[in-house]
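Everything on this sheet refers to the single structure shown next.
Each value in this text was obtained by applying a stated rule to the coordinates, not by laboratory testing. What you see is a predicted model; the values in this text were computed from it and never measured. A quick note on method: Cβ atoms are made from the backbone with ideal geometry, for glycine too, and the neighbour counts reach across all protein chains shown.
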Amino acid sequence: MLKKRDYNLNFYTGLISISLILSLLGIFALLSITGRIVVNSAKEELELKIMLQPGTPPEYGKKLVLLLKKEDYVLDARYVSQETALNELQELGEEFKKEVIGDISAYFSSVNVKLKNEYSDKQTIKSIMSTWSQLDHVREVNYPIKLIEIVNARSATFIAISTILGTFLIFVAYLLIMNTIRLDIYSKRLMIRTMQLIGATSEYIRKPFLKLGMLQGFFGGAIAIILIMILLIIFTIFVTNLEIILFSNEFILMCVFLISFGTILGYISSLVAVNRYLDKKLEDII
């Protein structure tokens, strides 16, 4: 059975190595999460405009806003009067005002709607636009379909590249952690042989090593999460709104993955390495 002195430099060196490996994997996951959040936020900022007929009472537009906000796919809705629409255009600059704005009668009041990210695919948007086009006092429904197509295409490319790189990094992390734990157990190979000579069973010998491997993996994952959180907090000082990542479901899943991945891999690596030396003769391990 392993004693306290066996929690030696090799164990802590292995723990640091595993922590750094999982930290790099976590940082990549964090970048992927940030990219997805940015893309989703960009899609949710695009507004679908329900242009109302000239002379439509403001009360109707405000009532329509309240009705739309009750829909599951609506993130936000606001009524924009004719005058407000003109003022928003005027903010684009004096030259734009002279060349484009012209007569106020050419502009219509509208209800501007932001859709939730999960409803921003082309077919769903077209279905929503078709439904809203049939509402009373609606002149037309506008939405930047081409822009959302571009965003969705870029998003699909980003996800594909992230998946490929993520899979590669997981494989690399697997190899590095496996070798780190194997080197740790290699330094104790003579101890394993000694325990065999005094009559210890294979199961009895494996148990402490498996426990150590799982502890290395578990605490390596925990330390990696702490390092990533510190890094994220530091970046929050310079970049606003990054704190939303800390409270996102993706970040929580990443934390669970790092700890689970480290613990399971620690167990498997220790099992493989110990079994390797259990079956060897003394002259083969010296």
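If you take every residue apart from E118 with its C-beta less than 11 Å away from the C-beta of E118, what net charge results, scoring Lys and Arg +1 and Asp and Glu -1? Charge balance near E118 sits at -1. From least to most packed, judged by other beta carbons within 10 angstrom and beginning with the fewest, F251, F108, F171 follow the order F171, F108, F251.
Among M229, M195, a tally of other beta-carbon atoms within 10 Å of each Cβ gives an order, fewest to most, of M229, M195.
Listed by Cβ neighbour count within 10 Å, with the fewest neighbours leading, K126, K188, K207 appear as K126, K207, K188. With a sphere of radius 10 Å drawn around the Cβ of I145, what net charge do the other residues whose Cβ falls strictly inside it have (Lys, Arg +1; Asp, Glu -1)? Around I145, the charge tally is +2. With the cut-off at 21 Å, tell me which of the pairs K63/K122; K63/K146; K70/K146; K43/K126; K43/K63; K63/K114 have Cα atoms farther apart than that. Flagged as over cut-off: K63/K122; K63/K146; K70/K146; K43/K63.
Distant-in-sequence amide contacts of E47, defined by a placed amide H-H separation under 5 Å and a gap of 5 or more residues or a different chain, comprise nothing.
Residues of segment 117-138 falling in the label zone of L253, defined by backbone nitrogen less than 19 Å from a point 7 Å along Cα to beta-carbon, are 117-121.
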